[in-house]
């Protein structure tokens, strides 16, 4: 057994900068990675998916241009498109950064063999500080027949080179709706099967309504409130039987029904690290597990599975390890759906705020009242702001429309700065930008 200062398990967007920064400070840092450097974001999450969606949405825009009197011919070379997408998956810079900093990287699956003791690849280390950054992976629903078929998940989807004429998607969360719309815009016939009565069911109902309308306009067919009860594959075609006995067929099946923590192989109990019923690492407000000195960051803690959350956890933990006052939830959480239209979210919904005992109210501005949206015929959406009565502080926002993933940062920054809706109301935004609608939205609170 060798002694180290810190062991990091997993090379995601939190683990890599943590190991690099600690190594630069003179710490002996060991990093284990069982699959590919860079974690989910680089290899099968943000990078490939957003490269894919950029191409797909561009194809959709070209097809819709006829409504403006611009007729364009669009041909999709799916193999070239996917080659372009895969070209964005490059972890060489991470390998160089780790080596330059002096991080000892071991490409092997790691597991605990004792308290703060980790082994993998025939090597074993003990450290006073261990950080779990193993993320999560696809959860597969227990559908009879599924295991015997060549189904896709968001991990191996990026390996395909031929656009399926028909694709069945199990799961109407953000991964399902993003990829589903993208595939439809590229010319596939897409069916989304979702057990809830609406897609992205964890969001506000009218957000779901807007995205349902948008995806239907792209050609997506929905089967809401339905579950698959049987799957088969004859070598060419999938046959999916729903719980109402409806049978769907397609050349591909994408399963994106949920995610689960990547902790099964860690043997966390060997180090006294407690897990939740779903396998996530239990951590306190300062990211420490039930075993002193063992921390967890990112998706594996059960937080929202977003890269920027994991990266901010790295910054939090760097502060904590140095005695700083950072906490797990000390920043405004924002996230986005990269559909067309986009959705940008931050903070609390009015319902969430009221459940926390806050005296909250919300105002909503339909996108048809935003000049730029009306001029470009992109009025399917809305802006919503949630505020606290009395203090006037901004509690959250839901923006659904073009460039919402960028616009939501206006609200995030105001919330971080402790600004009120009155500060937004008196702002003068450029006409006719999409962002011009944000002060207009805030002015609705004056009535």
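Brief remarks on what is shown
- Scan the stretch 176-190 for residues that are under 12 Å from residue 254 (Cα atoms) and touching a strand residue (DSSP E or B) at 6+ places or on another chain (Cβ under 6 Å) and the total you get is 4.
- Residue pairs whose Cβ atoms lie under 9 Å apart, sitting 6 or more positions apart in sequence or on different chains, and linking a residue in the stretch 256-274 that is on the phi > 0 side of the Ramachandran plot to a partner that is surrounded by fewer than 15 Cβ atoms within 10 Å (Cβ to Cβ), are 258/141; 272/292.
- Reported count of residues in the stretch 133-162, each being surrounded by 15 or more Cβ atoms within 10 Å (Cβ to Cβ) and either within 19 Å of the chain's Cα centre (by Cα) or at positive phi (or both), is 14.
- Elements of type strands (runs of 3 or more DSSP E) in the stretch 96-143, at least 3 residues being touching a residue at least 40 places away in the same chain (Cβ under 8 Å) and more than 30 Å from residue 231 (Cβ to Cβ): 104-106, 111-114, 117-120, 123-132
- Among residues of the stretch 191-213, those that are touching a residue at least 40 places away in the same chain (Cβ under 8 Å), assigned to a helix (DSSP H, G or I) and within 16 Å of residue 336 (Cα to Cα), counted: 4
- Answer residue from the stretch 1-26, given it is over 21 Å from residue 301 (Cα atoms) and touching a helix residue (DSSP H, G or I) at 6+ places or on another chain (Cβ under 9 Å) and is surrounded by the fewest Cβ atoms within 10 Å (Cβ to Cβ) among those: 24
- Hits in the stretch 374-401 (condition: touching a residue at least 60 places away in the same chain (Cβ under 8 Å) and out of contact with any strand residue (DSSP E or B) (no Cβ under 6 Å at 6 or more places or on another chain)): 377, 380, 401
- Listed by position, the strands (runs of 3 or more DSSP E) contained in the stretch 353-447 that have at least 2 residues being closer than 23 Å to residue 330 by Cβ and within 28 Å of the chain's Cα centre (by Cα) are 382-388, 394-401.
Every number here is computed from the coordinates shown, using simple stated rules; none is lab data. The model shown is predicted, which means the values in this text are computed figures rather than measured ones. Note that we place each Cβ from the backbone using ideal geometry, even for glycine, and neighbour counts take in every protein chain shown.
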